[in-house]
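So the structure is just underneath, and the comments pick up after that.
The values are calculated or read from the model by the stated rules, or taken from the named source; none is laboratory data. None of the values given here were measured: they were computed from a predicted structure. When we count neighbours, we look across all protein chains shown, and the Cβ atoms used for this are built from the backbone with ideal geometry, even at glycine.
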Amino acid sequence: MPIRVAIVDDHALIRAGYRHILSQEPDMLVVAEGGNGEEALAIAREHKPDVMLLDVGMPGLGGIEVTQRLVRARSPVRIVIVTMHGEGPLPKMLIEAGATAFLTKGADGAELVGAVRQAARGQRYISHAIAQRMALATTLGESSPLDRLTPREFEIALMLGRGERSVIIGERLAISDKTVATHKSRIYEKLEVHSEAELTLVLVRYGMLPG
């Protein structure tokens, strides 16, 4: 039986690239594609892929929230995070959330295929460069202010940094406006910022948003 793979990324060209790479492999079959977190959850329910390639910084629900929801739902799908953001707290945060593999969009086709195969076997995979950075940061005791955030706070910080309104964030995450406001207040306090503009600058500085 081939490995059934779903691809979720908000850029159609990137999805096409992944599909082209995976379609060359006789043991892999792309069964579904999506462009946002809500579609990722629907694909997991309806298509039941073995492995899902998942971006982090998508509009609406991002990779962290999708990963956490699938883990809470005890979905058997293995999550392979493929993102532009290999710096900061993201790799550790997503692995702890339940992702099976983590690599950046700078990975070549062979590494992508290898990560999918390894994830399908239930084996963890972290790209060598990211694993090195994680180990070095642990050894040197380095950290960024973003490390102070919980996964939920980090997800909301990214959404705020992308300019999404609090009411929309609450709807997407199924939480109240008051809860969003509480998280926002804690984010500001932990990052020592006082506005969404300052928050965005912090996210850009640490590579979580494009400059």
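Scanning the stretch 165-185 for residues that are of a type outside the set (S, T, N, Q) and closer than 18 Å to GLN68 by Cβ yields ILE169, GLY170, GLU171, ARG172, LEU173, ALA174, ILE175, VAL180, HIS183. Within the stretch 131-156, if we keep just the residues that are modelled with pLDDT of 70 or more and hydrophobic (A, V, I, L, M, F, W, C), the residue that is nearest to the chain's Cα centre (by Cα) turns out to be PHE154. Per the conditions (1) within 17 Å of the chain's Cα centre (by Cα); (2) touching a residue at least 60 places away in the same chain (Cβ under 8 Å), the sole criterion not satisfied by ILE21 is (1). In the stretch 189-209, the residue that is surrounded by the most Cβ atoms within 10 Å (Cβ to Cβ) out of those that are modelled with pLDDT of 90 or more and in contact with a Pro (Cβ under 8 Å, 6 or more places away or on another chain) is LEU191.
Every residue, every condition in (1) among the hydrophobic types (A, V, I, L, M, F, W, C); (2) more than 20 Å from ALA115 (Cβ to Cβ); (3) assigned by TED's automatic domain parsing to the domain that holds SER127, yes or no:
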site	(1), (2), (3)
HIS20	no, no, yes
MET28	yes, no, yes
GLU33	no, no, yes
GLU38	no, yes, yes
ALA44	yes, no, yes
ASP50	no, no, yes
VAL56	yes, no, yes
GLY62	no, no, yes
ARG74	no, yes, yes
